Amino acid sequence: MHRKEVLADLSRLVPRATVGALAPSGVGALRIEKFVKLCLETAVARHDLIDIIPAGIDLAVPRGDHRPALKAPVRLHIFDRATHDIGRDLIDVGARRQLGIYSAERSLIDLVRLRISWVKRLTKSERPWKNTFTAATGRRAVEHPPQSGFRWRRGFALSVVNVTGHLPTPRRWGTRVSRGGLSMTKDASFKKVVRRHAEETGQRYTEARSDLEGLGARMHHEPYAERLRAHLRDRYGIDPVSATKLSVHKTYVFRIDRNDGSPWVARAFPPARPRAGVEGDAAILGFLERQDYPAERLAVDDAVSDFDGSAVLVTRFVEGVQLPDGAAKFAMMGELLGRLHALPNDDSVSRPGGASGEDPSREGTPRQDLLAALSFLDAVDTKVAADERERFEQLRDQVRSADDGQGLPEGLLHGNLLHAPDHAVLSEQGPVAINWKASGRGPRLADFAYLMWGTGSWNPRRPNQERIDAAVNTYRRHVEPTDDELDRLEAVMYIRTLYLVCFGYRRALTNGRTFNEWGFIKPPEYFSSTAAATRAAFRR
């Protein structure tokens with residue numbers, strides 16, 4: 001495409017050059033080539049380092065390129081061709097398109113060194129970096145500067161060598177460095193939440209913002225059944241006749257009935273989940289088959305494929321029924337977990353596991369469940385009613401102080417065996433564990449503690465000794481917990497239950513409802529008494 005056409009498109013789609021117009025929803029149809037990059041004041045605003053709405057869009061074009069006459073509020077800047085791509089990042093603008101943008105570090109350096117007039121407009125002092133830098137930004141500029149080795153000339157890209165000395169001393173990630181009271185957002189309340197989230201999760205500010213704003217998109221995925229069926233036919237040469245959803249919770253899981261063989265299960269995971277994670281699922285299922293462990297089996301050797309931006313895993317459908325209620329169910333689950341945790345360590349199953357992983361960015365050890373829980377809460381912080389604020393903050397404090405199981409004996413975890421319905425079915429050969437997305441190595445107590453939490457009776461919530469004994473007796477055939485594991489059992493029981501409360505809290509407030517599912521973590525006496533009964537059962 002001719003560059004004049006590109007800029008003409010920009011002119012039509014962004015008649016008023018505002019920062020908000022640069023959001024994905026505003027530029028989904030933009031046709032932008034690699035030579036165009038957001039720069040200077042526009043880039044700094046996009047990185048949330050100022051709250052001024054630029055009067056025009058700053059675009060960087062390599063020196064020597066054609067400069068068309070523009071009627072739109074676009075400010076064209078000519079940069080040295082040799083250094084034009086240094087410090088270049090990409091932002092997603094929707095419809096699988098990306099727009100070039102200079103990093104926060106380069107943009108700030110360009111502004112300071114080019115003596116752009118916005119400096120005096122923004123600050124009362126002659127030192128804008130006091131107000132516009134965060135510690136995270138400063139640390140990135142010091143630790144990850146643009147490539148050096150080129151000279152600065154007025155109007156062109158510049159070297160960072162003599163600039164990093166002006167950066168403030170790096171502090172904790174997410175800690176704001178400000179003395180001038182500069183507002184960092186058009187929505188100060190949400191920005192405050194994002195900064196706090198960045199500090200508590202160890203993320204950069206922009207990562208924390210994406211973490212909160214992209215939650216729903218990362219978790220929800222509903223592929224077209226007919227397209228999936230056609231993909232499997234083309235990829236594997238099978239003759240599928242139908243693709244039927246298997247779960248109300250997982251809209252991407254399908255039963256594939258075939259004319260030419262037994263049915264399969266196809267999981268077309270959300271696009272946010274990397275293919276490497278799905279390949280890890282397949283590696284674990286292959287290991288379990290070699291160990292003769294009762295799990296679902298891969299449908300074919302190359303069971304992972306790419307489909308419409310998603311990674312798809314195919315397994316054989318397990319014919320069976322739900323596990324029976326009562327003590328028999330917990331005896332079967334105790335046996336499944338005990339056998340699993342006792343399996344030998346192997347490089348093919350060494351990935352961290354145990355977290356639910358509904359948010360693909362939070363797969364890993366059980367600690368990721370707690371970080372995900374914070375994300376769920378922070379995503380709706382500004383929606384919390386005043387009369388619910390105290391309870392909301394108490395919940396956040398409980399998540400922050402929870403025991404993540406670190407330092408306890410590890411094993412291969414399933415990560416999500418207890419569910420509704422459970423991720424185990426009773427086949428003709430016996431119980432079979434399914435859905436291994438959360439699996440990997442982690443503290444084995446996390447798996448077992450969640451199972452023990454599930455043994456209790458409801459209305460009123462109280463321990464059920466028969467179910468506790470059933471789970472303990474089968475689990476200990478394979479694994480005998482250490483004293484440290486038994487001592488921390490009560491605390492570790494809260495990991496998944498806090499996650500579920502926070503997940504439900506976000507869902508309720510997002511849908512305009514009041515959250516009332518506190519039974520996952522209430523009453524605290526249930527946790528202490530169930531843990532005590534479990535310790536007693538192991539010590540008998």
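The values are calculated or read from the model by the stated rules, or taken from the named source; none is laboratory data. The model shown is predicted, which means the values in this text are computed figures rather than measured ones. Ideal geometry is used to build each Cβ from the backbone, glycine not excepted, and the neighbour counts take in all protein chains shown.
Which of the residues belonging to the stretch 288-314 are over 18 Å from ARG227 (Cα atoms), in contact with a strand residue (DSSP E or B) (Cβ under 8 Å, 6 or more places away or on another chain) and not in a loop (DSSP other than H, G, I, E, B)? Within the stretch 288-314, LEU288, GLU289, ALA295, LEU298 qualify.
Assess whether ASP281 counts as being over 15 Å from HIS414 (Cβ atoms) and either under 22 Å from the mean Cα position of the chain (by Cα) or not assigned by TED's automatic domain parsing to the domain that holds ARG362 (or both). No; evaluated as a whole, the condition is false for this residue.
As a summary of the residue check, ASP308 satisfies the conditions (1) modelled with pLDDT under 95; (2) acidic (Asp, Glu); (3) closer than 21 Å to LEU426 by Cα except for the one numbered (3).
Search the stretch 321-342 for residues being more than 33 Å from the chain's Cα centre (by Cα) and touching a residue at least 40 places away in the same chain (Cβ under 8 Å), and hand back the single one that is surrounded by the most Cβ atoms within 10 Å (Cβ to Cβ). Ranking the candidates gives ALA331 first.
Which residues, taken from the stretch 47-69, are touching a helix residue (DSSP H, G or I) at 6+ places or on another chain (Cβ under 6 Å) and modelled with pLDDT of 70 or more? Matches in the stretch 47-69: HIS47, LEU49, ILE50, PRO54, ILE57, ASP58, PRO62, ARG63. Picking from residues in the stretch 300-320 that are free of Cβ contacts under 8 Å to residues at least 60 places away in the same chain and among the charged types (D, E, K, R), the one that is farthest from PRO443 (Cα to Cα) is ASP306.
Scanning the stretch 388-418 for residues that are of a type outside the set (S, T, N, Q) and assigned to a helix (DSSP H, G or I) gives GLU388, ARG389, GLU390, ARG391, PHE392, GLU393, LEU395, ARG396, ASP397, VAL399, ARG400. Is it the case that some residue within the stretch 328-345 is under 23 Å from PRO421 (Cβ atoms), assigned to a loop (DSSP other than H, G, I, E, B) and modelled with pLDDT of 95 or more? No: zero hits.
Checking each residue in the stretch 458-504 for being closer than 17 Å to ALA355 by Cα and outside any helix (DSSP H, G or I) picks out only MET493. Of all the criteria given as (1) more than 19 Å from GLY353 (Cα to Cα); (2) without any contact (Cβ under 8 Å) to a residue 60 or more places away in the chain, the one not satisfied by GLU279 is (1). Among the numbered conditions (1) buried (at least 19 other Cβ atoms within 10 Å of the Cβ); (2) not assigned by TED's automatic domain parsing to the domain that holds ILE238, the only one that VAL312 does not meet is (2).
A Cβ distance below 7 Å, combined with a sequence gap of six or more or placement on separate chains, defines the contacts here; from the stretch 238-256, residues that are farther than 17 Å from ARG218 by Cα reach residues that are surrounded by fewer than 16 Cβ atoms within 10 Å (Cβ to Cβ) and of a type in the set (Val, Ile, Thr) in the pairs LYS245/THR251; PHE254/THR244; ARG255/THR244. Report the residue count in the stretch 454-487 for those that are surrounded by fewer than 21 Cβ atoms within 10 Å (Cβ to Cβ), more than 23 Å from ALA420 (Cα to Cα) and in contact with a strand residue (DSSP E or B) (Cβ under 9 Å, 6 or more places away or on another chain). Counting residues in the stretch 454-487 that are surrounded by fewer than 21 Cβ atoms within 10 Å (Cβ to Cβ), more than 23 Å from ALA420 (Cα to Cα) and in contact with a strand residue (DSSP E or B) (Cβ under 9 Å, 6 or more places away or on another chain) gives 1. Looking across the stretch 92-113 at every residue that is in a strand (DSSP E or B) and crowded, with 16+ Cβ neighbours inside 10 Å, the one that is modelled with the lowest pLDDT is identified as LEU99. Within the stretch 509-540, take every residue that is surrounded by 14 or more Cβ atoms within 10 Å (Cβ to Cβ) and of a type in the set (D, E, K, R) and give me the one that is farthest from TYR475 (Cα to Cα). Looking at the filtered set, the residue picked out is GLU517. Scanning the stretch 352-371 for residues that are in contact with a helix residue (DSSP H, G or I) (Cβ under 7 Å, 6 or more places away or on another chain), buried (at least 21 other Cβ atoms within 10 Å of the Cβ) and farther than 13 Å from ARG396 by Cβ yields a total of 10.
Pull up the stretch 270-297, narrow it to residues that are basic (Lys, Arg) and closer than 21 Å to SER427 by Cα, then point me to the one that is surrounded by the most Cβ atoms within 10 Å (Cβ to Cβ). Before the answer, list the steps.
Our first condition is that a residue be basic (Lys, Arg); within the stretch 270-297, this holds for 273, 275, 290, 297.
Restricting the remaining residues to those that are closer than 21 Å to SER427 by Cα gives 290, 297.
Values: ARG290: 10, ARG297: 13.
Across the stretch 270-297, the extreme among qualifying residues is ARG297.
Looking only at the stretch 358-368, decide whether some residue is β-branched (Val, Ile, Thr), in contact (Cβ under 8 Å) with a residue 40 or more places away in the chain and not in a helix (DSSP H, G or I). Taking every residue of the stretch 358-368 in turn, at least one turns out to be β-branched (Val, Ile, Thr), in contact (Cβ under 8 Å) with a residue 40 or more places away in the chain and not in a helix (DSSP H, G or I).
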